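Heads up: the structure comes next, in structure tokens.
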Amino acid sequence: VALRSALQQAIEQSEFELHYQPQIHSPSGRVIGVEALLRWHHPARGYIPPGEFIGLAEDTGQIIPISDWVLATACRDGQRLNALGVGRTSMAVNISPMQFQRPGFLESVEHTLEASAFDPTLLELELTEGVLMESAERAIHALDALRELGVHIALDDFGTGFSSLSYLKRLPINKIKIDRSFVREVISDHRDAAIIEGVVTMAAKMELEVLVEGVETAAQHAFLRKQLCDTFQGFYFARPMPFDDLVRFMREQR
Ligand code: G
Ligand code: G
Ligand code: MN
Ligand code: NA
């Protein structure tokens, strides 16, 4: 109850921020996209990570105003970022299950894109396997409609859910994000390496893009490069950061 009313205040007082984590095309070193990550800047308690309130917000329905704010802010910042001439940069936004399943989600994406004048082909929605599995037919339908708008779809935390490969085959997605749990011990555990190598090969043949998450060390990066992974996200390259720091980061990269 305390957290719930604190969240209500956060919504009303705009205590949320988005931080942006760069996604790197490793052969060129260029930032090709960023992922928007929600941060709650509580006046007394400091930053509260989304893991501590997203679940509750889902239960109370507060996720709806929060995620409307996230999408609008990410599109606005994505538009601003691309207008700076620091290179074409996509904007990835995490979509929660309730948000995706709500009637009117498609319309809200369409409306937000229009209001922000953000190029739809630069917006990438990140969905987890679980979200899409709830109702496969509906999900496929909704993804088709989003892709009609030009929006890209990434399957987040890939490999940690329970979706089947026959299901993956039918999903109209653009990208697979390999979960960071496969990266942590990739150098010492040949099974992690085998999984990543297999997913990368499969994705290439299915004409899907792949991004490897959670790369924290130079050694992991070097190892994964040898396995033909070329797009990465992780603390080794950059942590999530406020918009102004992101702009500085991207200017220094050039
Ligand atoms: O950035 P961090 O490690 O705290 O993120 C924790 C979790 O919160 C991740 O699973 C991430 O996908 C999720 N998350 C971050 N930002 C958002 C957001 O804007 N909306 C939703 N639904 N989830 C988010
Ligand atoms: O579930 P999702 O992939 O959206 O979660 C993204 C979360 O992963 C963010 O909260 C981000 O802070 C975190 N993250 C990003 N890069 C790394 C990394 O290299 N190591 C770890 N441990 N977490 C990371
Ligand atoms: Mn994500
Ligand atoms: Na992920």
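Readers should treat all values here as calculations from the given coordinates under stated rules, not as data from a laboratory. What you see is a predicted model, and the numbers here were worked out from it, not measured in a lab. Ideal geometry is used to build each Cβ from the backbone, glycine not excepted, and the neighbour counts take in all protein chains shown.
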- [ ] Would you mind calculating the relative contact order of the range 2-253 from Cα pairs under 8 angstrom and at least 6 residues apart, reporting the percent as a whole number?
- [x] 19 percent
- [ ] Would you look at the GNM of the chain, springs on alpha carbons closer than 10 Å, and say which of 135, 90, 166 moves the most?
- [x] 166
- [ ] Please state the charge dipole magnitude for the range 53-159, taken about the Cα centre, from unit charges on C-beta atoms (+1 on K and R, -1 on D and E), reported in debye and rounded to the nearest 20.
- [x] 360 debye
- [ ] Calculate how many DSSP beta bridges within the chain are antiparallel, expressed in % of all such bridges and rounded to the nearest 5.
- [x] 45 percent
Task: Percent RCO, i.e. relative contact order, over the range 61-204, from Cα pairs under 8 Å lying at least 6 residues apart - done: 18 percent
Task: Compactness index (Cα Rg / 2.2 N^0.38 Å), the range 160-241 - done: 1.09
Task: D_trans [Stokes-Einstein, Kirkwood Rh over alpha-carbon pairs] for the range 104-155, 25 °C, 0.890 mPa s, µm² s⁻¹ - done: 215 µm²/s
Open item on the list: Considering all projection directions equally, how large on average is the shadow of the alpha-carbon convex hull of the range 1-115, in square nanometres?
Closed with: 8.4 nm²
Task: Kirkwood-based shape ratio for the chain, expressed as Rg/Rh from alpha carbons - done: 0.95
- [ ] Give the Rg (one decimal place) followed by the Dmax (whole number) of the range 91-131, computed from C-alpha coordinates and expressed in Å.
- [x] 10.6, 31
- [ ] Determine the calculated [θ] at 222 nm for the chain from helices alone, applying -39500 (n - 2.57) to every DSSP H run no shorter than 4 residues and normalising by the residue count; nearest 500 deg cm²/dmol.
- [x] -13500 deg cm²/dmol
TODO: Using θ = phi - 60° and the Karplus relation 6.51 cos²θ - 1.76 cosθ + 1.60, list the HN-Hα couplings for the range 28-45 in order, rounded to whole Hz, with x at every Gly or Pro.
DONE: 9, x, 7, 7, 9, x, 9, 10, 7, 10, 6, 10, 9, 9, 6, x, 9, 9
- [ ] Could you state the orientation-averaged shadow area of the convex hull built on the Cα atoms of the range 50-176, in nm² to one decimal?
- [x] 7.9 nm²
Task: Computed log₁₀ I(q)/I(0) - Debye formula, equal Cα scatterers, no solvent, the range 173-215, q 0.16, 0.19 Å⁻¹ - done: -0.38, -0.52
- [ ] Please list, or write none, the aspartates and glutamates whose alpha carbon is within less than 18 Å of the alpha carbon of residue 205, excluding same-chain residues fewer than 8 places away.
- [x] 197, 230
Task: Listed residues 187, 113, 141: farthest to the positive end of the dipole of the range 2-253 (Cβ charges) - done: 187
TODO: With +1 on each Lys and Arg Cβ and -1 on each Asp and Glu Cβ, and nothing else charged, work out how big the dipole of the range 2-253 is about its Cα centre, in Debye to the nearest 20.
DONE: 540 debye
